[in-house]
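Below is one structure, written out as structure tokens; comments come after it.
The values are calculated or read from the model by the stated rules, or taken from the named source; none is laboratory data. Everything numeric here is computed off the predicted structure, so don't read it as measured data. So basically every Cβ, Gly included, is an ideal-geometry build from the backbone, and we count neighbours across all protein chains shown. These area figures cover heavy atoms from the full protein model, side chains too; ligands, DNA and RNA do not enter into them. Shrake-Rupley method; radii C 1.70, N 1.55, O 1.52, S 1.80 Å.
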Amino acid sequence: PLNHLQSLHQWLNERLAKNAAIEKVSPAQATNTTIHRKQIREVLQEILNPKNGKIQLFDHNGLIAIADPRNEWVWQNPMLQTLHTDPSLNYTYATQNDQLWITEAPQQDLKQWLWHLLWASKDFNELCPTSASSFYLEIWPQPKNRIDRQDILRMSACFAQGAKIDTVAAQLNLSEQKVRHFVAACLGTNFGKLIKDREAKYSPQ
């Protein structure tokens, strides 16, 4: 008979979480990034799926945050030095033990936080297909970093009308790669959608 269930739960949780992280980011998967990048859209959709309860977000470096898609909140790992990730980003369900530390971490808006995570990470441009030429922004990101704030808000203002990617790059004197990075972060967080060129209303002033 087991008299100390808490100890058993803790032990199982530690082993299962460790094994899940190892299995989901195996060496074979890490080297085959093309396959994993096809899965990243599904991972991002699950992070935002309101049917999910609390989930752990992690990559090959470890725990990033605990998210609550149902209520659209996130608690970032306080031990995280810099907010960024790569295509090894994945999730698993969070147990009660996993959530013990979140009472001491600030609660943040899940969608805005996820946008910042993608914006701070430079390996997600494939979320914006090379064939994409026009984009319509439905939800504005709330930039935190002063260095990027002006560019982000200017791009938001253009794409809020529906705009061509190359037109925005030329008008704002930004590289097309940076503008596509912005669009990729927005697509990954469902902040907007790709549109046909004829639907783009923005014209340079």
Review point. With axes computed from alpha carbons, what is the tilt in degrees of helix 146-159 against the longest principal axis of the chain, rounded to the nearest 10 within 0 to 90?
Key: 60
Revision key, fill the gap. Once Lys and Arg are counted +1 and Asp and Glu -1 for all other residues with Cβ under 12 Å from that of Asn77, the total becomes -3
**Study point:** Size of region 50-161 as Cα extents on the principal axes (Å, biggest first)
**Key:** 45, 29, 26
Review point. Given the pairs Lys51/Lys201; Lys178/Lys201; Lys54/Lys164; Lys54/Lys201; Lys51/Lys193; Lys54/Lys178, which are separated by over 30 angstrom at their Cα positions?
Key: Lys51/Lys201; Lys54/Lys164; Lys54/Lys201; Lys54/Lys178
Exercise for review: Provide the FRET efficiency to the nearest 0.05 for the Glu126-Gln96 pair, computing r from the beta carbons and using R0 = 41 Å.
Suggested key: 0.70
Study note, to complete from the structure: Expressed as a whole-number percentage, the relative contact order of the chain with C-alpha contacts under 8 angstrom and at least six residues apart is 18
Practice item. May I ask you to rank Thr130, Thr82 by accessible area, largest first, using a 1.4 Å probe over the protein chains only? Key: Thr130, Thr82
Check your understanding: If you wrap a convex hull around the C-alpha atoms of region 149-200 and split its volume per residue, what is the figure in Å³?
Key -> 70
Study note, to complete from the structure: Simple SL model, points at 7 angstrom along Cα→Cβ for Asn52 and Lys178; separation in nm is 3.2
Point to revise | Bins of 10 Å, starting at 0 and running to the largest distance - Cα pair percent for region 39-106 | key: 21, 57, 21, 0
Check your understanding: When the accessible area of region 79-181 is computed with all protein chains present and a 1.4 Å probe, what percentage of it is carbon and sulfur?
Key -> 50
Review point. Which of the peptides 91-98, 57-64 is most tightly packed, and how do the rest follow, judged by the mean count of other Cβ atoms within 10 Å per residue?
Key: 57-64, 91-98
Exercise for review: Consider all pairwise Cα distances in the chain and report the whole-number % of them above 21 Å.
Suggested key: 56
Review point. Once both labels are modelled 7 Å past Cα along the beta-carbon direction, what's the Ala160-Gln45 spacing in nm?
Key: 2.9
